[in-house]
Amino acid sequence: IYKSNMGKIDADNKGRCLVYSIQLQKVSELARRGETKRQAGDFVGAISDFDLALQLDPHDVSALRSRGDAKRMLDDFAGAIEDLDAALKLEPRNAFALRSRGDAKRMVDDHMGAIHDLDLALQLEPRNPVALSSRGDAKRMLDDCQGALADLDLALELDPNNALDLARRGEVKREQGDFAGAINDLDFALELEPRNVVALSSRGDAKRMLNDCVGALEDLDLALQIEPDNPFALCCRGEAKKIEESRWFVQKADSLGPLNCLMSQQLKWAIIGAGPVGLTLALTLAESMQSRGLDPEVATVEIYLSWIEQDNSKWQRKRGTVSVEMVTLQDPVLDSLSPELRSAFTGGSSPRPSGRSAPVAGIEMKLLEKAQQPPFNTYIRIHDYAETDVQPMWLSSLCCDVIVSDSALTRRAFPGAFVNPAAPQVDVEAQQLPLSDAEGNESNLVEADFALGINLSFGASKQARFNAIFSMAQNIYQLSSDEASESGCLNIRITKEEYYELLDATGRNPESAGGSPIRLFGEEDLHLITDEKPSMLQLRLPWLRRRIAEGFKLYGLQLEQMTFITGVQLRPAYTQCFYHVLRDEAAASNGPKLLLLAGEAAIADHFWPCRGLNSGLKSAAAIVKMWLQCETLAEGAGKYNSFMDKLRRFEMQQRSAPRQQLPWGGALLRSMESPEAQSLNTMATEQEEVNRQSFLENCKLWRDFLQQSEGWPHESVTDEDLEEQLYKTIGPKELELHLMVCSASTRPSSAVSSTSSRRSTSTGVDRPWLTSSKCHWLEPDPSSDEHWLR
């Protein structure tokens, strides 16, 4: 029995030994396979194999340490430390496990613990470059830069082409202030790994500290392309941009140093691309020269125009270049001109207080005629030129002391002269900064504004006392009209989607539509909109006739008054500096010249079409004041730039209201039965009474404000008058009323200055937004010392 039992036990033990042997073999195979995957970078696959191995043998040191290291590589530092702790309990002097746990502790900011583990690992493997590098980085984080450099120097002796070690040593040198040495290491690291974010960020910061902000921004921009949320790169980039932008402004100010000549001696002027602004400037300068008794052989104003030709020794507008634009002029701006010059602008109607409308072509021709008549032609010389002439060499060769440009081409001729190249999204070629990136603006402003410009005839304004109010109470329609010349323009804001659908429907190529305005409908095409029987165009664009008809109805117009329709795309952009010093190396100049931007060259797009001439005339007035009152040319340039900066900021602030995103987007593009259009119609119907009251209240607020403003030229408008006009005479449709209310983002509080409060004359109710007797649209005034002094 005993022998029989012992035989059975021997057989069981042999079976167990066989099973255990097979199990150990399986664990070994899984661990080897996992290690192969780990070394190949397949950390997830490696962990899967190590998990199976450790299910069979939870105490396998090789599987524990390798799984811990794989978890470290996947940023699971807590899991890594747990596995490595278990491995080191079983095998305390395992250099691999110590090294890996040390690095995991470094990654969770336990730098003292990391150094302790790495010290032990390096006692076992004194020349292990990985452990040396990791310990060096931990020492750096504890501000032990000398110890860090010693470790990293030795690591790089052992492995000279290790990009990570080079980047780490470059970091240490940067923190020590050895920026050149840091850049040397980081250059080498980036040769080995061009997309190493740590090396790019560190080199960018080192370049910044050496005042190479352009190079710094190149490195930091690339780092952020690779890792957009990298906090160190973001911080360094912000600092570099501040320095670069500041340096640009300092350099611009320093460039005025050579212009220490007396302003009174600047007697030769050249005006490039002169439209109404340039011609007004030339005539005003000529008036000043005459009043000072200057010799016309010494004091001259050379005008260069691209839109003229000579006919019987008289300059006239070229055939086919007539401008159809209407402009709304402010009386306070015109009052700054002499009576002789003011006559070229007057004769128009006054659709709103302190303003009148007039056609640009008529103004230009009157000014051009005056420039060729005494006493102005004593000082003024007129030349035609091609726009391609506007190049640095040509401008520098002009025989003058001061050049004033009213042409946007001048900006393009001098990259980096008028806009800081370091500014975000700067258009270096156009030398402009987008409105969305200009200081003081909100992020919800649209990239571009779109409008229909509808040219009118046959006495455009029939209800002037209401039209001023309606133009201010909503931001879709604006009327500019001139009863004297029986012409005008109705601007209708549309969405981006509607604008491009119009281009497509009229066969205009959007890619070539960057210019503005674009003729969409000539007189021969208008029947496509006005015919009672729906045309293919009306079926494709069901919103177009309604939008136009409601605008005409709002202002008491008839569709028969349309002569043509253009599409207008405004992309507001601004220069940051309004002067540039031309050095004498380019041509036969005797010294540096001052180049000033004015008019369209300075501020191209304005907060509504037809308003830009006011700002342009103010720039002309500021230049004349600069010439008459400043002691030196440098002082004058500085004060002019300061004034124009105030004017630029005003333009940006005034754009914030009308350029809010129109909320309906493309909802009305197709059939009015579409779900989007029906939803909008339903909302408009449900909110009709609310919209009626809201629009009426906004009209009353603007009525109160406008009637209290200086220069209100009409009889008073009562509450009853407004209600009668709006809801009996006009009767806007529910949808268009809803759209106007949606667009009405401004009230008088945003259009007035805060100098004094007034009481509403119509209601007797205190309204704090009625705070001035003068409209804020009068803009910075060059005749005011408050706006002129730097």
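The values are calculated or read from the model by the stated rules, or taken from the named source; none is laboratory data. It should be emphasised that the depicted structure is a prediction, and the values quoted were computed from it without experimental measurement. Here Cβ is always computed from backbone atoms with ideal geometry, including for glycine, and neighbour counts include all displayed protein chains. Just the protein is used for accessible areas: all its heavy atoms, side chains included, with ligands, DNA and RNA removed. Shrake-Rupley method; radii C 1.70, N 1.55, O 1.52, S 1.80 Å.
Miscellaneous remarks
- Hz values of 3J(HN,Hα) by residue in the range 615-626 - Karplus curve (6.51, -1.76, 1.60), Gly and Pro given as x: 5, x, 5, 5, 5, 5, 4, 5, 5, 5, 4, 4
- Peptides ranked, highest mean first, by Cβ atoms within 10 Å: ranges 184-190, 274-280, 210-216: 274-280, 184-190, 210-216
- Cross-link reach list, lysines versus Lys733, counting only Cα pairs under 17 Å and skipping chain neighbours closer than eight places: Lys553
- Amide H partners (placed H, <5 Å) of Thr300, local residues excluded: Lys268, Trp269
- Taking 30 Å as the straight-line reach from the Cα of Lys37, the lysines in range (excluding those fewer than 8 positions away in the same chain) are Lys26, Lys71, Lys89, Lys105.
- Note, ³J(HN,Hα) from phi for the range 190-198, Karplus 6.51, -1.76, 1.60, rounded to Hz, x at Gly and Pro: 6, 5, 7, 9, x, 10, 6, 5, 4
- Lysines with Cα under 18 Å of Lys242, excluding same-chain neighbours fewer than 8 positions away: Lys207, Lys252
- Amide H partners (placed H, <5 Å) of Leu520, local residues excluded: Ile565, Thr566, Gly567
- For Asp254 and Leu192, a Förster radius of 35 Å and the Cβ-Cβ distance give a FRET efficiency of 0.25, rounded to the nearest 0.05.
- Computed on the range 59-186, with alpha-carbon pairs under 8 angstrom and 6+ residues apart, the relative contact order is 15 percent.
- Hz values of 3J(HN,Hα) by residue in the range 126-136 - Karplus curve (6.51, -1.76, 1.60), Gly and Pro given as x: x, 10, 7, x, 5, 5, 5, 5, 5, 5, x
- The amide H of Thr575, built 1.01 Å from its N in the peptide plane, has Leu433 as neighbours under 5 Å, considering only residues 5 or more places off or on other chains.
- Loop sites in the range 225-282: chymotrypsin sites (Phe, Trp or Tyr not before Pro), DSSP, at most 11 other Cβ within 10 Å: none
- Per residue solvent-accessible surface (Å²) - the range 151-236, probe of 1.4 Å: 45 Å²
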